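Working notes for the structure below.
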Amino acid sequence: MSPGPSSSKPQRRILVIDDSPEDREAFRRFLRQDAEYQNLVQEAVTGKEGLEACRRGNFDAVLLDQHMPQMEGLEVLRLLRAQPGWSTPTIALTSTGQADVARQMLEAGAHDFLFKDDVTASILSRTITHAITRERLRRKVAQSARRSAQLQQITAELSRALTSRQVLDVFLQLGLEALGAQAGFVALLSADGASLEVDATPGFSSEAVRPGQHIPMSASLPITDAVRTGALITCGTLEEKYARYPLLQGSNLGYPALAACSLRAAGKRLGGISIAYAQPRVFDEEERNFLLVLSRQCAEALERARLYEALQESEAQRHLALEAAHLGTLSWGLDSGQVEMDAACRALYGFPPELHLTPEAVTERIHPEDRPRLQAWFQALRLSATSNEYDEKYRVLLEGGRVRWVLSRGRALRDAQGQVVRLVGINHDITQLVLQREEEQRRADFEQKLVGIVSHDLKNPLSAILMQSAAAVRQGGLDERVLKMMTRIQSSAERASRMIVDLLDFTQARLGGGIPVHRRAVEAREVVAQVLEEARQAFPRRKLSFTATGETTGQWDGDRLVQVVTNLVQNALKYSPADSEVQVQLSSLGEHVELSVHNQGTPISAEWLPRLFEPMQRATSQEDKTGRSVGLGLYIVKQLVEAHEGTISVHSDASSGTEFTVRLPRLPHSPAPSP
């Protein structure tokens, strides 16, 4: 294979497998005439030679003739497709009129086909380019689907991790695998913030980095930079790594590429993560976003685990204190019917100090739903000859219908005949603990719902990508429409990425203390105009009007403002008739700027208006095919507006249609939180 003269055009390696010298010469000539690419051509005369060439080298595309002696192109294609990891774009070549052969080649895995008599230099170049483009998009779709599944698995495992150790183990096992990294370590920030303590180091030698090692925050290293700034730090090669961080030149890390992320939750620095790769690496935007997603998930799970551990420790200390102080003591004489309670225990049950207590009065305080269970327990205790200890939880009904949870622990005293004559013990008020555990369960349930959303709501955009790719292959005629299909495929992939970002915003708003905003000077008029221009391109047949009056600048997060406007405009387009107009207005109101989005769609029922901005609410019990859905979008919009200290409202009726109104202060009323 001759490289030919030097050229500034991008190069492509093309393998031509054809037994005809004339055809090979024709293809070589056509490829030399390519105006956009310098095609480096290698030839194989037989199918066997072609297979061997594919095993030895990497090609951008393969031109494969069907009619060859000894081994036809169809058999060669099937053998290539059987090789693990083979996905090189393959274009089948056959004689004019042999449509059945072309169909068989496509079914066997060819990306496209050409009739030899119809080939020209421009057609050949365009066909190769489209085949390579489709294959790259297919790989991107596959990678997006794979990472979505990995994110779902990691999120589920993190939601089940109760302790900090479990959280870190999940990340270092599943996270490194999902990132394709060969090593990594987690370092947690010390209490005084002066150093990082290495926690675990899978893939690193003990000479390079070891658990328990302290890294001063003043050191110039990727992980300390990431923790200090909150930015993602990446180095793709040894040269870049050593140039930026000379301290690493004397280390034994041994990996050329690395990435470092900060662990932050609820505005608090927890530590950092360092990831290492065995080969030089280009960190594209998708991989950088995936790294940030995983670090954010790990940080939030780590903070929840720390809160859980603190709660467990606090509960243990409280339990010991209560027992040591004999708080809430109870003595119940079964033979005499006398009930004695100290002041703390009387307060638990809501009894005044002067009230004479009877077994009936105590039983009356027990919640009706708990009485049968406690009565059954008491009967079993009296019948048992060996069971003396008791530990029961139940509810107490207080005046006004209030409910208090009580934990009763104690011992049954028996007479010489083994009959229970007295119960003595202590009673604890565990109402707050029960409520906390219920809240934890609600959060756990919410996280499981979030995993379900990731697995369910991403099906539609990914399915759209696959369908459009398949449609592009079936078209046959590679004209301008195919290029438009490619654009739609890219749009669907971007939509899947945006959905993941929305879900992460949802998690941050619900569990992480609110969505952060980064204010700067923003011209709202320009933001709205940009969103509407994109909407017109996506909905070319819809009519959108925009009016703006007065001064519309302020201190806002421009990217978050784009999210708000995009969601409201897309909802208005989605839920209004195709021949109606969507009206967008922007007005100056003194210290505020007001945005309104109006459409003439079916009004939202009064029943659903109060819940319109709640997460995972639908105004219909069916999937959103013809009805109005309020899944996550409006919830995130409300959180973003409130993060800007603004308000959002909606008015909807049959006569005037539906109008969402957002009012934002130009300047923040309170200082922004510290990073």
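Just so you know, all these numbers are worked out from the coordinates, no wet-lab data involved. Since the structure is predicted, the reported quantities are computational estimates derived from the model, not experimental observations. Cβ sites come from the backbone with ideal geometry, for glycine too, and all protein chains shown count toward neighbours.
Length gain on complete extension for the stretch ALA654 to GLN143, per 0.36 nm per residue less the alpha carbon to alpha carbon distance?
Computed gain between ALA654 and GLN143 is 179.4 nm.
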Between GLU75 and GLU36, how high is the FRET efficiency from 1/(1 + (r/R0)^6) when r is the Cβ-Cβ distance and R₀ = 35 Å? Nearest 0.05. 0.60
Amide N proximity, the stretch 593-614 versus THR549 label position 7 Å along Cα-to-Cβ, cut-off under 18 Å: 593-598
Run the numbers on the stretch 515-665 and let me know its relative contact order in percent, using alpha-carbon pairs under 8 Å that are six or more apart. 23 percent
Can you compute the modelled spin-label distance between THR647 and ASP117, with each label point 7 Å from Cα toward Cβ, in nm? 7.7 nm
Between HIS592 and ALA99, the FRET efficiency computed from the C-beta separation at R0 = 56 Å comes out, to the nearest 0.05, as 0.25
Of the stretch 150-167, those with amide N under 20 Å from the point 7 Å along the Cα→Cβ vector of ARG442 are 159-160
In the stretch 268-283, whose amide N lies under 16 Å from the spot 7 Å out along Cα-to-Cβ of ALA243? List them in ranges. 280-283
Check which residues have an amide H placed less than 5 Å from LEU270's amide H, if you skip close sequence neighbours. LEU263, ARG264, ALA265
Given R₀ = 60 Å, what would the calculated FRET efficiency be for VAL424 paired with SER190, taking r from the Cβ atoms and rounding to 0.05? 0.80
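Extension gain ARG228-ASP415, at 0.36 nm per residue separation less the Cα-Cα distance, in nm?
Once the chain is fully extended between ARG228 and ASP415, it gains 60.4 nm.
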Point-to-point label distance, HIS214-GLN279, nm (Cα→Cβ direction, 7 Å offset): 4.0 nm
Greater than 32 Å apart at Cα, pairs in LYS543/LYS638; LYS9/LYS140; LYS268/LYS574; LYS140/LYS574; LYS9/LYS116; LYS268/LYS638: LYS268/LYS574
How do MET341, MET71 line up, fewest other C-beta atoms within 10 Å first? MET71, MET341
Computed label-point distance, nm, for sites ASP23 and ASP342 using a 7 Å Cα→Cβ extension: 9.8 nm
Would you pull out the residues with amide H under 5 Å of ASN39's amide H, same chain only if 5 or more places away, H placed 1.01 Å from N? ARG12
